[in-house]
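Heads up, the thing below is written out as structure tokens.
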Amino acid sequence: MNKAIYLSLACTLWIQAAEVELETINVETQVGSEIIEDVSGKDIKSADLAEALFKQSANVSLSRRSGIANDILVRGQRKDNINVSIDGAKIYGACPNRMDPPISHVLTNNIDYIEINEGPFNVEDFGVLSADIKVHTLKPQEEVQGEVNVGFGSWDYKKAAFSITGGTDNLRFLLTGSTEKGGQYKDGNGDDFAGQIDRNIAKGLVSPLAQYQDIHRDMDAFSKKTIMGKMFWNITDNQELRLSYTGNRSDDILYPSSKMDALSDDSNIYNMEYIATDLGEYSKELYVQVYESDVDHPMSTLYRKSATVDSNPMMPGIQKMFMTHALTTQMNGAKIKNSFDLDNHTVTVGLDYTKRNWDGGYYKNNMPLPPAKFHSIWDVDTKNAAFFLEDKVTMDKFVLDMGLRYDDTRITSDNPRQQSNDYDELNGYILGTYHADASTKYFAGIGKSSRVPDAKELYWIGAMGNSVGTPDLDNTVNYEVDISVEKQFENASLKAKVFYSKLNDYIAYNASNVNMMGAAMYAYENVDAKIYGFELSGTYVATSALYFDYGMAYQKGRKDDPLRGQIGKDMPEIAPFKVNAAMNYDYDSSLAFRAEVVAADRWDDFDYENGEQELAGYGILNLKATKAFGTGFEIMVGVDNVFDNTYAVSNTYNDLILLSVPGNEVMLMNEPGRYVYTNIKYKF
């Protein structure tokens, strides 16, 4: 997309808009949402947002791949089954092995707050199957202010970041930047990344060729640089234009449980939002958004022993063959919506358009493989156009929210041997909230949502030329019921929720579908399934200085029938019962302590035929203290995993390509052991 679109559209809207007073736009979160507040202030240990969410929310499980850029699961759902947006813009990872998930392209130090909206109750965005994660980044302020912070941690972790904001009544700016790097973390056994591979080689689970070469064995785990810039312009009293750019540049990210490491991972997000209020009787608020995002992700075996000639004594250590899988993805999106009041109704109508391009290929010693095998994902476009309608009806103590969305999606590949796919679906929800009194609220909703297969699931070609994707997959449809209650007491709060989700044509990986060479063939298939569970969370204020917060989540998943050639019915990636609990003590206005426990039950319901395995339960203790000095300085000191436990939270579903020896279990990735960190912050 030509960046000039942003300027031309902004000018057009400025000329045409009416001149009345611009009101403050308040953020309205969905009923039943979980809000993670002040992320940039509280979760500054590293840039890894997935780990921060895992520690703060019982509903979020972690898919650990490295020291950074990890993935999340919500209610046993991952990938395109959950929707992630950053200030309304969408970004997808380029890696089919989930080394660069969407949540990894925004950093904790740039985030204001996060909404976790579970269920099919969003018709404004494409592909919200089971959950919706809305990331809201920092906003420019009128007053000139800034922040500088530096952080240090175990395993040679170092970080430096800054932010500065300021402006006038009509024009405000924000600029942030950061740089950080970290060494290979050690698990509770004292093994770094190379050590974890060694341990699995000794067990016979991993080939010795997967180990890092001696010259790379002690290299850093990652380095990352970011920048974010924003401009908010009050064009007139009733109009606002918001422009932003976010850039991420990562290098040499090690993924020890995978066959490849990322040579780099670069992304850009360009976003424009235009908001106009009170344009007339039928336009309380007009919202227009245009955005573009892109990711460049080459991954390679360059650092592994498989890239050296160890068998020829005449050429020891000479590189003979390293494989690179280089992929790019680009996302273009546009949305326009208009809301107005009609009696006790607030009506919103809108149009939504997205286009995702995904392209990738294999290289040997930096030379593309023969054309017949070069492409892994053959320049695939996924185009979606949608109309949506929402109505919020307020009736005294009862509020009824309703939504409809019609999607028309077309997926095409440049490979003439791969078929095109068309999908259309009508989705919607009805959601009721009853305010019994000032302290009690009941919520019940029923909804239908869907998501289409992605290019990997449809068209992916393996390095041996095998067709891993299944080109005739149906889209997945979710029918779900959610019921919850929220109660405020004098010194406590409680939120309880139960849900039941029926997934028609869930897209599952079938490890039994292989060719005579043992390579995956048409590995994805549709199967009907169900997921159900409950969530409980709340707070308790013991004294003016001491308070507690807690959360727990449980879900169960079953396929209606086994996959072809299999007998098991357990759903993959359904994490076991998990608890997050914390005690907070504010000694005075300048000194605060926090002790938190993250614990989970044994993972003993798992999809063993498709690579998962039993994981032991765990419980870890994290401690943190924050001290403010004067008006500007603040020091934070923390210890994660105080007792240096050895544990794993991520299972080994074969949808990811992880290290293994055929016929054996897949390598597990252990979590970090005891981690000590400090952060020094100065605000001005």
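Since every read-out is calculated from the coordinates, none of them should be taken as a lab result. Being a predicted model, the structure only gives us computed values, none of them experimental. Reconstructed Cβ throughout: ideal geometry from the backbone, glycine too, with neighbour counts over all protein chains shown.
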> Which percent, to the nearest 5, of DSSP beta bridges fully inside the range 69-223 are antiparallel?
Replying inline: 85 percent
> Could you give me the ³J(HN,Hα) list for the range 376-383, computed from phi with Karplus coefficients 6.51, -1.76, 1.60 and θ = phi - 60°, whole Hz, x at Gly and Pro?
Replying inline: 8, 10, 8, 6, 9, 10, 10, 10
> Label-point separation (nm) for THR440 and ASP343, each offset 7 Å from Cα along Cα-to-Cβ?
Replying inline: 3.0 nm
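Based on the Cα gyration tensor of the chain, what are the three equivalent ellipsoid semi-axes, each the root of five times an eigenvalue, rounded to whole Å and given largest first?
Working: eigenvalues 291, 188, 149 Å².
With the √(5λ) rule applied to the chain, the semi-axes are 38, 31, 27 Å.
When ranked by the protection proxy of mean other Cβ atoms within 10 Å per residue, highest first, what sequence do the peptides 227-234, 67-74 form?
Working: 227-234: 18.2, 67-74: 24.6.
Highest-to-lowest ranking by the protection proxy: 67-74, 227-234.
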> For the chain, with only Lys/Arg (+1) and Asp/Glu (-1) charged at the beta-carbon, what is the dipole magnitude about the Cα centre, in debye rounded to 20?
Replying inline: 1900 debye
> Hey, if you put +1 on the Cβ of every Lys and Arg and -1 on every Asp and Glu Cβ in the chain, which of MET552, ALA50, PRO368 ends up farthest toward the positive end of that dipole?
Replying inline: PRO368
> Cα to Cα, under 15 Å, and not fewer than 8 places away if on the same chain: which aspartates and glutamates meet these conditions relative to LYS495?
Replying inline: GLU34, GLU118, ASP482, GLU486, GLU535, ASP549
> Quick one: Cα centre-to-centre distance for the range 472-515 and the range 579-609, in angstrom?
Replying inline: 23 Å
>> Sequence gap at least 6, Cα distance under 8 Å: using those rules, report the relative contact order of the range 515-613 to the nearest whole percent.
In response: 23 percent
>> To make sure I understand the rule: partners must be aspartates and glutamates, Cα under 14 Å from the Cα of LYS683, and not fewer than 8 residues away in the same chain. Which ones qualify?
In response: GLU143, GLU147, GLU634
> What length, rounded to one decimal in nm, is gained on full extension from LEU591 through to ASN365, with 0.36 nm per residue of separation minus their alpha-carbon distance?
Replying inline: 75.8 nm
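Suppose every Lys and Arg Cβ carries +1 and every Asp and Glu Cβ carries -1, with no other charges. What dipole size does the range 469-596 come out with about its Cα centre, to the nearest 20 debye? Could the numbers behind the result be given before it?
Values: 12 positive and 18 negative charges, 69 e Å.
Dipole size: approximately 340 debye.
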>> Explain nothing, just compute: Karplus ³J(HN,Hα) = 6.51 cos²θ - 1.76 cosθ + 1.60, θ = phi - 60°, for every residue of the range 361-366 in order, whole Hz, x for Gly and Pro.
In response: x, 9, 10, 10, 6, 6
> Running Debye on the range 536-684 with equal point scatterers at the Cα sites and no solvent, what base-10 log of I(q)/I(0) appears at q = 0.09, 0.10, 0.16, 0.19 Å⁻¹?
Replying inline: -0.44, -0.53, -0.96, -1.15
> If amide H atoms are built 1.01 Å from N in the plane of the peptide, which residues on other chains or at least 5 residues away come under 5 Å of the amide H of ASN510?
Replying inline: TYR524, GLU525
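Can you pull out the GluC sites (Glu not before Pro) in the range 178-284 whose DSSP state is coil and whose Cβ has at most 16 other Cβ atoms within 10 Å? Before the final figure, lay out each step's value.
Numbers: sites: GLU180, GLU240, GLU273, GLU281; in loops: GLU281.
When the GluC sites (Glu not before Pro) of the range 178-284 are filtered for loop state and at most 16 Cβ neighbours within 10 Å, GLU281 remain.
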>> Restricting to Cα pairs below 8 Å that are 6+ residues apart, what does the relative contact order work out to for the range 374-495? Please round to a whole percent.
In response: 21 percent
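Show me the three semi-axes of the equivalent ellipsoid for the range 509-610, from the C-alpha gyration tensor (sqrt of 5 times each eigenvalue), largest first, rounded to whole Å. Mind showing how you got there, number by number?
On the way: eigenvalues 402, 43, 17 Å².
Computed over the range 509-610, the values are 45, 15, 9 Å.
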>> Tell me the relative contact order for the chain as a rounded percent, counting alpha carbon contacts under 8 Å between residues six or more apart.
In response: 12 percent
>> In whole Hz and in residue order, list the ³J(HN,Hα) couplings for the range 108-116 that follow from phi through the Karplus curve 6.51 cos²θ - 1.76 cosθ + 1.60, θ = phi - 60°; x for Gly and Pro.
In response: 4, 6, 9, 9, 7, 8, 10, 9, 10
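Show me 148-156, 560-568 ranked by packing, highest mean number of other Cβ atoms within 10 Å first.
Working: 148-156: 17.0, 560-568: 13.4.
Peptide ranking by packing, descending: 148-156, 560-568.
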> At what distance in nm do the modelled label points of ASP422 and VAL148 sit from each other, each positioned 7 Å from its Cα along Cα→Cβ?
Replying inline: 6.1 nm
